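Asks: The following block contains the structure, expressed as structure tokens.
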Amino acid sequence: MSVVSQPRRGGGRRKTPTAKHIATEDLGTTSLAVARFWQGAYAELVRMEEELLNQLEEMLPRLSPAARREAELTNVPMIAEHLQTFKYRRAHWEQRVAQLNGQKAHRP
């Protein structure tokens, strides 16, 4: 009898380099609409991760000591890492929107 391994949900997360995600975006786009799209998408993701982190921090005191420790060691750092990544990427797109707005304003 062969054993088929089941992938773990959530706990078996793979490290995906930030650069891989960013490579799917055109960082040097000259389209203001595209830059605004990514700026908005990352703003939403930042809000979502902040809400998740706040909810988790509210739940931690109600967990058993073992569950709380596991959440503090795994869930909290993972969400904090995602939040930081999304803030970094949002900042890039905010800067790109500002650059494109500046270029547009100087055109005759």
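Every number in this text was worked out from the coordinates using simple rules, so none of it is lab data. The structure displayed is predicted, hence computed values, not measured ones. Cβ sites come from the backbone with ideal geometry, for glycine too, and all protein chains shown count toward neighbours.
Asks: So how strong a dipole does the range 29-106 carry about its Cα centre when Lys and Arg Cβ are +1 and Asp and Glu Cβ are -1, to the nearest 20 debye? Could the numbers behind the result be given before it?
Replies: On the way: 10 positive and 10 negative charges, 80 e Å.
Roughly 380 debye, rounded to the nearest 20.
Asks: Over the alpha carbons of the range 29-106, what is the largest minus smallest coordinate on each principal axis, giving the biggest first in Å?
Replies: 60, 15, 14
Asks: List, in order, the whole-Hz ³J(HN,Hα) value for each residue of the range 91-98 obtained from phi through the Karplus relation with A = 6.51, B = -1.76, C = 1.60 and θ = phi - 60°; use x for Gly and Pro.
Replies: Ordered by residue, 3J(HN,Hα) equals 4, 4, 6, 4, 5, 5, 4, 4 Hz.
Asks: On to the next question. Label 7 Å along Cα→Cβ of Thr30; the range 73-99 residues with amide nitrogen under 17 Å?
Replies: Answer for the range 73-99: 96-99.
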